[in-house]
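Enquirer: Got a structure for you, questions after.
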Amino acid sequence: MANILTVNGGSPLVGDIEVRGAKNLVSKAMVAALLAEDRCRLRGVPEISDVKIVSGLLELHGVKIDSTDRDGELLLDPTNVEQAHVADIDAHAGTSRVPVLLCGPLLHRLGEAFIPDLGGCRIGDRPINYHLDVLREFGADVQKRPEGLRLTAPNGLSGTRIKLPYPSVGATEQVLLTAVRAKGVTELRNAAVEPEILDLIAILQKMGAIISVETDRVIKIEGVDRLGGYDHLAIPDRIEAGSWACAALATKGDIYVRGAQQQAMMPFLNVFRKIGGQFDIDDEGIRFWHTGDQLSSLVLETDVHPGFMTDWQQPLVVALTQTGGLSIVHETVYENRLGFTEALGEMGAVIQLYRECLGGSPCRFGRANFLHSAVISGPTPLKGAEITVPDLRGGFSYLIAALAAEGQSKVHGIELIYRGYERFSDKLDALGADYEVG
Ligand code: EPU
């Protein structure tokens with residue numbers, strides 16, 4: 001696969017595209033299959049490289065994975081789960097953060113788990129301390145080895161009371177995937193309640209779990225002895241839908257995103273409307289468009305759900321370069337998710353980063369030395385440039401910038417974008433983009 005995209009920008013993106021299952025649900029739904037004693041069927045699975053990575057990891061552990069002749073359907077057969085070879089698992093090191101979520105299910109199924117060094121996007125330190133603390137609370141023993149971490153549960157895993165220091169998506173999923181088969185009741189406080197987490201809970205309930213989501217970020221899980229399979233249609237990818245919506249705005253275009261769902265996108269839709277973007281919701285998707293009038297700047301803070309999600313921030317920043325006046329973006333989820341703006345500066349954007357918490361309430365990063373607030377001055381015409389994709393969402397943002405910019409851009413490293421945006425070159429074709437791969 002060639003990894004350079006040459007884009008002749010400056011034309012509006014116009015047309016229809018479709019988003020399928022959310023990357024950040026599908027990978028966890030696949031891990032949940034490890035807990036099942038029967039076959040699972042997952043529908044709406046997108047063709048992204050993260051799905052291949054998780055499939056590889058599960059296959060190493062004896063899960064049989066087949067696609068059916070229906071597009072986007074995976075069958076997962078976990079009836080012969082087995083211990084994988086350390087060296088094989090290690091071959092997956094540095095590619096995804098999902099392996100840490102295998103720990104609870106593997107401890108239940110096999111009594112031990114091994115995880116290699118973890119990768120994922122370079123958008124901050126992305127530690128796994130919450131995950132390991134949670135697993136220890138359930139009774140796991142964690143040993144550090146040169147090649148990674150080995151976990152055992154000599155006395156099995158038991159339900160517990162946990163309060164997360166921050167409503168981490170991954171740590172909440174770790175608790176869910178571990179507590180469903182632990183002995184007794186688990187009470188989780190300060191849980192993340194993202195729509196993808198609620199969809200994972202729906203899957204676990206189909207499998208036989210007993211989970212209640214209560215007020216104030218409290219989730220209670222009653223452990224059960226056995227979990228069966230599931231048949232589930234994954235929640236659509238609201239990050240991808242929002243990314244294309246930003247592409248419509250930044251290129252003065254008009255994009256119908258089939259599969260986009262209002263409920264999960266409400267924080268995004270509010271912001272889109274405040275800037276001056278238009279949208280129209282029907283039963284099958286959402287149309288997003290630029291009216292031709294000057295867009296307005298705004299002050300925005302990213303946050304855990306129900307806030308404006310961090311993954312929308314990078315594509316939105318490109319659209320904000322085209323609004324009139326000063327916009328402020330305060331990134332409160334990741335300490336280092338604004339570094340991608342440097343290349344936008346080379347394309348003509350005027351963006352200044354600050355260490356202070358600007359435009360909102362103080363966050364965890366305010367006292368540390370992180371450039372986590374941005375002031376964006378617009379509108380500034382963008383011009384083509386040679387840029388290299390820094391991470392998944394930053395990469396898609398560069399694509400938007402290249403499509404909005406006058407002249408030619410070369411975007412290097414586009415293979416990172418395939419981690420989370422399926423068939424994006426087909427979608428660019430459907431939207432009339434002028435580009436070449438290679
Ligand atoms: N954190 C810790 N310790 C931990 C875990 C997290 O300090 O053990 C910190 C992180 O460093 C970060 C914050 O907590 O500052 C939030 O991290 P969280 O655990 O919520 O994120 P995650 O589970 O690692 C998932 C998505 C991300 C998405 C975030 C926030 C997956 C595979 N990844 O990451 O998606 O940005 O939740 O919604 O589900 C992406 O799709 O591009 C992406 C990065």
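The values are calculated or read from the model by the stated rules, or taken from the named source; none is laboratory data. The model shown is predicted, which means the values in this text are computed figures rather than measured ones. No Cβ is skipped: glycine too gets one built from the backbone with ideal geometry, and neighbour counts run over all protein chains shown. Surface accessibility is based on the protein's heavy atoms, side chains included, excluding ligands, DNA and RNA. Shrake-Rupley method; radii C 1.70, N 1.55, O 1.52, S 1.80 Å.
Enquirer: Could you state the angle between the C-alpha long axis of helix 23-32 and the longest principal axis of the C-alpha atoms of the chain, as a value from 0 to 90 degrees rounded to the nearest 10?
Expert: In the chain, helix 23-32 runs at an angle near 10 degrees to the longest axis.
Enquirer: Let me spell out the model: positive unit charges on the Cβ of Lys and Arg, negative unit charges on the Cβ of Asp and Glu, origin at the Cα centre of the chain. What dipole size does that give, in debye rounded to 20?
Expert: Using only the charged Cβ atoms, the result is roughly 1080 debye.
Enquirer: May I ask you to list the trypsin sites (Lys or Arg not before Pro) in region 316-417 that are in a DSSP loop and have at most 13 other Cβ atoms within 10 Å of their Cβ?
Expert: The qualifying sites are R367.
Enquirer: Can you pull out the trypsin sites (Lys or Arg not before Pro) in region 1-106 that DSSP calls coil and that have at most 11 other Cβ atoms within 10 Å?
Expert: In loop regions of region 1-106 (DSSP not H, G, I, E or B), the sparsely surrounded trypsin sites (Lys or Arg not before Pro) are R70.
Enquirer: Oh, and also: In nm, to one decimal, how far is the modelled label at V86 from the one at E284, with both set 7 Å along Cα→Cβ?
Expert: For V86 paired with E284, the spin-label model returns 5.4 nm.
Enquirer: I would also like to ask the following. Cα-based count: Lys pairs in region 23-233 below 30 Å, eight or more positions apart or different chains?
Expert: Summing the qualifying lysine pairs gives 27.
Enquirer: Here is a further query. Quick one: if the Förster radius is 45 Å, what FRET efficiency do E47 and D225 give, using the C-beta to C-beta distance and rounding to 0.05? If you can, show how the numbers build up before the last one.
Expert: On the way: r = 36 Å, r/R0 = 0.81.
E between E47 and D225, to the nearest 0.05, is 0.80.
Enquirer: Under the definition of Cα pairs under 8 Å and six or more residues apart, what whole-number percent is the relative contact order of the chain?
Expert: On the way: 1050 pairs, mean separation 89.0, N = 438.
Relative contact order here is 20 percent.
Enquirer: Could you state the number of Å between the C-alpha centres of region 243-321 and region 141-160?
Expert: Cα centres, region 141-160 to region 243-321: 43 Å.
Enquirer: What is the gain in length, in nm to one decimal, between L233 and N270 on full extension, counting 0.36 nm per residue of separation less the C-alpha to C-alpha distance?
Expert: 10.6 nm
Enquirer: How do S297, S27 stack up against each other in accessible area, from largest to smallest, with a 1.4 angstrom probe?
Expert: In descending accessible area the options line up as S297, S27.
Enquirer: Residue separation times 0.36 nm, minus the C-alpha to C-alpha distance between E37 and L75: what's the value?
Expert: Additional length available on full extension: 12.3 nm.
Enquirer: Could the peptides 314-322, 76-84 be put in order, highest first, of the mean number of other beta-carbon atoms found within 10 Å of their residues?
Expert: Top to bottom by mean Cβ count within 10 Å: 314-322, 76-84.
Enquirer: Please report, as a whole percent, how much of the solvent-accessible surface of region 23-233 comes from carbon and sulfur atoms (probe radius 1.4 Å). Could you put the intermediate results ahead of the total?
Expert: Values: 3850 of 8570 Å².
Using a 1.4 Å probe with all protein chains present, region 23-233 comes out at 45 percent carbon and sulfur.
Enquirer: Write down the percent of antiparallel bridges among all DSSP beta bridges whose residues are both part of the chain, to the nearest 5.
Expert: Numbers: 55 of 77 bridges.
Expressed as a percentage, antiparallel bridges in the chain total about 70.
Enquirer: How much length is gained if the chain between R161 and Q352 is pulled fully straight, taking 0.36 nm per residue apart and subtracting their Cα-Cα distance, in nm to one decimal?
Expert: 64.5 nm
Enquirer: How much accessible area per residue does region 104-249 have, counting only protein heavy atoms and a probe of 1.4 Å, in square angstrom?
Expert: Each residue of region 104-249 exposes 38 Å² on average to a 1.4 Å probe.
Enquirer: Convex hull over the Cα atoms of region 386-434, averaged projected area in nm²?
Expert: Averaged projected hull area, Cα only: 3.1 nm².
Enquirer: Follow-up question, since we're still on this one. Diagonalise the Cα gyration tensor of region 110-225 and give the resulting equivalent ellipsoid semi-axes, square root of 5 times each eigenvalue, largest first, whole Å.
Expert: On the way: eigenvalues 101, 68, 31 Å².
In descending order, the three semi-axes are 23, 18, 12 Å.
Enquirer: A further question follows. Per 10 Å bin, what percent of the C-alpha pairs of the chain does each bin hold, from zero upward?
Expert: 5, 22, 31, 25, 14, 4, 0
Enquirer: While we're on this one: Based solely on its DSSP helices, what 222 nm [θ] is calculated for the chain when runs of n ≥ 4 H residues each add -39,500 (n - 2.57) and the sum is averaged over all residues, nearest 500 deg cm²/dmol?
Expert: So the helix-based figure for the chain works out to -9000 deg cm²/dmol.
Enquirer: Rounded to whole Å and sorted largest first, what semi-axes of the equivalent ellipsoid does the C-alpha gyration tensor of region 23-233 yield via the square root of 5 times each eigenvalue?
Expert: 23, 21, 17
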